[in-house]
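Input: a single structure, listed below in C-alpha cells.
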Amino acid sequence: MLVSRRGLRAGTDEHTMVAMTGSRTVLITGGSAGLGRALARHFVIGGDTVYVCGRNEATLAEAIREVPEIRGVRADVSVAGDRIGLLEQVTRDGSLDVLVNNAAIARAHDYTNPFTLASDRAAEELAINLAAPIELTRLFLRWRLESGRAHDPATIAMISSPAGLLPLEANPLYSTTKAGLHSFTLSLRWQLRDTPVTVVEVFPPALATNLTPDLDVPSEADGGPEVIDEVARKTVDAIDAGERVVLPHPQAEALYRSFGRTFDDEMMARINTGAIRRPGWDQE
Ligand SMILES: NC(=O)c1ccc[n+]([C@@H]2O[C@H](COP(=O)([O-])OP(=O)(O)OC[C@H]3O[C@@H](n4cnc5c(N)ncnc54)[C@H](OP(=O)(O)O)[C@@H]3O)[C@@H](O)[C@H]2O)c1
C-alpha cells in the first residue's frame, strides 16, 4: 500500500484536506510499464484514482502487483474500438480529470534496407504514437461536452520526447511521430486557451525502459530505475502545479532549450491569422 502524499500534507488544514484528498481520476495510456508505471505510482501517492492500459495482460498484472491501487484495462490504443471501450470503462463512475497520452513504441527503420522497404511497420508506429493520442484527446473532450463537464478543470498531458525536436536517422518514424505530437500539442493548447483544460507537454530524458528493443541508445544507461522514478515524480508535481511544458531532467531540458520552438501568446495570435476557418466548415 502506498501512502497518499496529498493525504499526509492535508492533515494540517481542514480546507486543504477536502481539496487535496478529493481524488482526481487519471488515465495513463501505456501505464503498465516503464515511465507510465512510474507516473501511475506517483499519481497514486498523490491520492488519485489511476487507470492504466496496455496490450499485454501479464505486464498489466505485474504493474498491479507493484502498485495494487491502480486499475488495469487491457486495451490497444491503436485500435478504435479499444479506445472507445477504454474511455467508457474509465468514465463509468462519471469522472476523468487527467488524460496522460504516454503509450508509444520506437522501432528501427532504414529506407535503404530491403527489410524496411518490404514492410509497413511505419503504420503501427504512426497509429500508436500519433493517431492514438489525437483520437483519445478527441474522445475525452467529446465525453466532457456530452456529460456536461466542459467547465470542469482538466489536464491533457502528452508524453513527448526531445526526439521530436531532432531528426533521428536510426528511428525516423519515432522522431516524425513525436514531432507531429509536439505540433498537435501546440495547436491544441492554443485552441483550448479559453477553456479549463490545461494542455501539458512532457519531455523525458533517455530512460532505460523497454521502448527501444532494436536500437542501442547509449544515453539510456544514465536513465535507470531511480532516474525513471525521479522523472515521474517531477512530472506529476509539475502537472499538479499547472506547468505546461515539463522538463523533468537536465538532459531533456538542455535539448529542449537548444532545439525546441517556443511561441508566446502574441506570436500564436499573429501566426494564426494565416489560416481561418470558413463559415460553414463544420456543416455536412
Ligand atoms: N524511454 C525513453 O528513453 C524515452 C525518452 C523520451 C520520451 N519517452 C516517452 O515516454 C513514454 C513511455 O515510454 P517508455 O520508455 O516507458 O516505454 P516502454 O517501457 O516501452 O513502455 C511503453 C508502455 O506503453 C504500452 N503500449 C505500447 N503500445 C501500446 C498500445 N498500442 N496500446 C496500449 N499500450 C501500449 C506498453 O505496454 P504493452 O506493450 O503491453 O502494450 C507499455 O506499458 C513514451 O511516450 C515515450 O515516447 C521515452
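Every number here is computed from the coordinates shown, using simple stated rules; none is lab data. Please read all numbers here as calculations on a predicted model, not as lab measurements. Every residue, glycine as well, gets a Cβ built from its backbone with ideal geometry; the counts of neighbours run over all protein chains shown.
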Q. For Arg138 and Thr112, FRET efficiency with R0 = 22 Å and r from the beta-carbon atoms, rounded to 0.05?
A. 0.05
Q: Find me the longest stretch of the chain that has none of the exposed chymotrypsin sites (Phe, Trp or Tyr not before Pro), where exposed means in a DSSP loop (not H, G, I, E or B) with at most 16 other Cβ atoms within 10 Å.
A: 112-262
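Sequence gap at least 6, Cα distance under 8 Å: using those rules, report the relative contact order of the chain to the nearest whole percent. Show your work: numbers first, answer last.
Values: 452 pairs, mean separation 43.8, N = 284.
Averaging sequence separation for qualifying contacts and normalising by length gives 15 percent for the chain.
Below 8 Å, C-alpha to C-alpha, sequence gap of six or more: please give me the relative contact order for the range 69-207 in percent. Display every interim value, and only then the final one.
On the way: 169 pairs, mean separation 37.6, N = 139.
Relative CO of the range 69-207 lands at 27 percent.
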**Q.** Interchain or long-range residues, amide H under 5 Å from Ile105's placed H
**A.** Asn129
Q | Nonlocal amide H pairs with Ala154, under 5 Å, H built at 1.01 Å | A | Val197, Thr198
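Which net charge results for the neighbourhood of Asp97, defined as the other residues with beta-carbon distances under 12 angstrom from its beta-carbon, given Lys and Arg at +1 and Asp and Glu at -1? List each step's numbers first, then the result.
On the way: positive: Arg24, Arg144, Arg149; negative: Asp48, Asp93, Asp152, Asp240.
Net of charged neighbours comes to -1.
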Q: About the Cα centre of the chain, how large is the charge dipole given +1 on each Lys and Arg Cβ and -1 on each Asp and Glu Cβ? Please answer in debye to the nearest 20.
A: 520 debye
(Q) Testing the spin-label approximation: label points 7 Å from Cα along Cα→Cβ at Leu215 and Ser119. State their distance in nm. (A) 1.4 nm
Q: Only helical DSSP H runs with n ≥ 4 go in: add -39500 (n - 2.57) per run for the chain, normalise by residue count and round the 222 nm mean residue ellipticity to 500 deg cm²/dmol.
A: -13000 deg cm²/dmol
(Q) Between Ala269, Ala38, Ala252, where does the largest GNM mean-square fluctuation fall for the chain, given springs only between Cα atoms within less than 10 Å? (A) Ala269
Q) Farthest toward the dipole's positive end in the chain, which of Val227, Ser183, Leu247, given Cβ charges of +1 (Lys, Arg) and -1 (Asp, Glu) about the Cα centre? A) Ser183
Q. Comparing Ala58, Ala131, Ala238, which has the greatest mean-square fluctuation in the GNM of the chain with Cα pairs linked when under 10 Å apart?
A. Ala58
